[in-house]
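Read the structure below first, then the notes.
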Amino acid sequence: MQKIILILFFSLLIIGSASAQDSVQPGEFIVEPPTLENLGFEWYIEEGDENRNATVKVEYRIAGSGNAWQAGMPLLRIGDEHISRAGIDYTTPHMFAGSILDLNIGTEYEARFTMEDPDGVEGEAVKVVKVSTRAEPKAYRKGRVRHVYSQYYTGSMVSDHTPKMTGENARQLGYSFSHGYMVALIQAINSERQ
């Protein structure tokens, strides 16, 4: 009888320690530098998830909007992938990584990440962060336009000009500038032909 009780006790101990290795313990959470329309994130695994069945669900919304959360792509589970090429010898750490894509430029968002594991999560399973996409860069308003030519260039030279800049954003201003540049180039070619 004592032998059966000891066997059951050790069996439960072994099963308990195995599930403890499979449960996940979240580690450091990192927000990557944003781009104009995308946000990137990393969530390290402190320990556990040996069976690699943990997942991270991603949801987001415009900050302060009170709108329903929109589902994003889940974070990708990586760890122990080895890269050895062109002088690089790197093994990826155990973590989740991913992005929220196609967002509005210069907008603050709330992003919610939920780590789930059938074997259990030990620690903080939900992270909510506020992060903004970058604003579109603007040209310096007092800047001058210079045309630079190689010393060996033998084609038409465009005189220095500053085309009339109209538009509401940098894309429109860029179009206005390139349109003004093309007009000046055509004028230079036409005057050279006369």
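Read the figures in this text as sums done on the coordinates, not as results from a lab. On a predicted model such as this, the values are computed, not experimentally measured, just so you know. Don't worry about glycine lacking a Cβ; one is built from the backbone with ideal geometry, like all the others, and counts go over all protein chains shown.
Applying both filters, DSSP loop and at most 15 other Cβ atoms within 10 Å, to the trypsin sites (Lys or Arg not before Pro) of segment 49-130 gives 52. Using the Cβ of residue 26 as centre and a radius below 9 Å, the other residues enclosed give a net charge of -3, where K and R count +1 and D and E count -1. For chymotrypsin sites (Phe, Trp or Tyr not before Pro), the sites in segment 39-136 that DSSP calls loop and that have at most 16 other Cβ atoms within 10 Å are 69.
Taking 0.36 nm per residue of sequence separation and removing the Cα-Cα distance, the residue 154/residue 29 pair yields an extension gain of 39.3 nm. With each label modelled as a point 7 angstrom along the Cα→C-beta vector, the residue 134-residue 90 pair spans 2.0 nm. Mean sequence separation of contacting Cα pairs (under 8 Å, at least six apart), scaled by the length of segment 54-103, corresponds to a relative contact order of 31 percent. Average the reciprocal distances over every distinct pair of alpha-carbons in segment 26-132, invert the result, and give the Kirkwood radius in Å. Roughly 14.9 Å, rounded to one decimal.
Quick one: compute the contact order of segment 20-106, relative version, from alpha carbon pairs under 8 angstrom and 6+ residues apart, as a percent.
RCO, segment 20-106: 30 percent.
The distance between label points at residue 183 and residue 57 comes to 5.6 nm (points 7 Å beyond Cα on the Cα→Cβ vector).
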